[in-house]
1. Go through (1) modelled with pLDDT of 75 or more; (2) part of a helix (DSSP H, G or I) for B:GLU37 and report which single condition fails.
2. Within the stretch A:27-67, can you find the residues that are open to solvent by less than 10 Å² (accessible area, probe 1.4 Å), in contact with a strand residue (DSSP E or B) (Cβ under 9 Å, 6 or more places away or on another chain) and not β-branched (Val, Ile, Thr)?
3. Here is a check on your reading of the model: is A:VAL197 in contact with a strand residue (DSSP E or B) (Cβ under 9 Å, 6 or more places away or on another chain), assigned to a helix (DSSP H, G or I) and open to solvent by 20 Å² or more (accessible area, probe 1.4 Å)?
4. Considering each residue of the stretch A:131-149, count those that are in contact with a Lys or Arg (Cβ under 7 Å, 6 or more places away or on another chain) and either of a type in the set (S, T, N, Q) or closer than 13 Å to A:TYR181 by Cα (or both), and give that number.
5. Kindly check whether there is at least one residue in the stretch A:76-90 that is over 19 Å from A:GLY15 (Cα atoms), out of contact with any Asp or Glu (no Cβ under 9 Å at 6 or more places or on another chain) and in a helix (DSSP H, G or I).
6. Name the residues in the stretch B:5-34 that are at pLDDT 75 or above, open to solvent by 60 Å² or more (accessible area, probe 1.4 Å), basic (Lys, Arg) and touching a helix residue (DSSP H, G or I) at 6+ places or on another chain (Cβ under 9 Å), would you?
7. Would you be able to say whether some residue in the stretch A:148-159 is outside any helix (DSSP H, G or I) and touching an Asp or Glu at 6+ places or on another chain (Cβ under 9 Å)?
8. Sort through A:GLY13, A:GLY24 and tell me the only one that's open to solvent by 20 Å² or more (accessible area, probe 1.4 Å), within 17 Å of the chain's Cα centre (by Cα) and among the small types (Gly, Ala, Ser).
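The values are calculated or read from the model by the stated rules, or taken from the named source; none is laboratory data. These figures come from a predicted structure and were not determined experimentally. FYI the Cβ positions are ideal-geometry reconstructions off the backbone, even for glycines, and counts take in every protein chain you see. Note: areas computed on protein heavy atoms with side chains; ligands, DNA, RNA excluded. Shrake-Rupley method; radii C 1.70, N 1.55, O 1.52, S 1.80 Å.
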Amino acid sequence: MAKVLVVTSGKGGVGKTTSTAALGAALAQTGQNVVVVDFDVGLRNLDLVMGAERRVVFDLINVIQGDAKLSQALIRDKRIETLSILPASQTRDKDALTAEGVASVMAQLREKFDWVICDSPAGIERGAQLAMYHADHAIVVTNPEVSSVRDSDRIIGMLDSTTEKAKGGGKIEKHLLLTRYDPARAARGEMLRIEDVLEILSIPLLGIIPESEEVLRASNLGAPVTLSSPDSPPARAYAEAARRLEGEKLEVTVPVERKGLLARLFKGKS
Amino acid sequence: MSLFGSFFGRSSKTSAPVARDRLQILLAHERTGNGNESDLLNKLQAEILEVIKRHIAVDQDKVQVKLDRGNSVSMLEIDIEVPQMRHSGQP
């Protein structure tokens, strides 16, 4: 039975697209069929972060408007066979994203894949609402920073009221993904602590992604960080978060750089 | 990281040139009216299919259009799954 996940936050720039790509790749690496769907109509970027930008032919809106079949718009990842991306449209107007159209595409995706991961646009407007509407699970991406926490709180409110699940009297499963976390600064009292954020938002913690230069490197290269540097702290944090999504009970820790300088030098040569 | 580390690690760290190249290729395509690109591809696909359909029955779902935009050259690939052909010699 397919699971539909929305990666959302309210605030922009907190790491939704990075997280969508990294979690999608991590889940697909276990052999499951995964599709990552870009809902940011007008400003698509998931294709770029995934390194598929040169291969986009058709997009979500083309499928909704009947100009292309879903199978024609799906781009298969060149590194992981079980990973696909459905790009957002770049130029068309946002009203082209209709509720019925999205519902039909989501139903088709549910049949084809084990995981459907929807990368929400920032904000709380229609695009964000449509991205979350069909979700069974929501990953709320939050930075340990006041405005991000506040926006996450609003998004959590929306998840509990305006989604299909909520309207049917059910509950969408919510998970907190704390990104760009800097343990040293938190220890010095310069950054909101994990416990503070958890207490304020009171949803279960899916993972803590440490601030890392590997994330920028991954986006430069057009590869999910879980593929570009699988041993790096953020990649390990995402991989563990993916295992939690699959139901594994793992204690949440903040991964740290594993090896000393020498070990890394030797590894780099092998 | 120490001076050593950044020196030795350099070859694997220089991802910025890759980012620049990727953006240049992408933006070159997006700035020159990419809005028409999918229309063009749609037309190409429709017309090519039309020609093929005169000879073979083709299932719309069995047509895949692939594209790889390059710096100076792009590759357009149209895969059409052709059903078992009946040759005149067959019973």
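1. Failed condition: (1).
2. The answer is A:LEU27, A:ALA28, A:ASP38, A:PHE39, A:LEU46, A:ASP47, A:MET50, A:ALA52, A:PHE58, A:LEU60.
3. Answer is no for this residue.
4. 4
5. no
6. Result: B:ARG20, single match.
7. No, the conditions are met nowhere in the stretch A:148-159.
8. One residue alone meets the criteria, A:GLY13.
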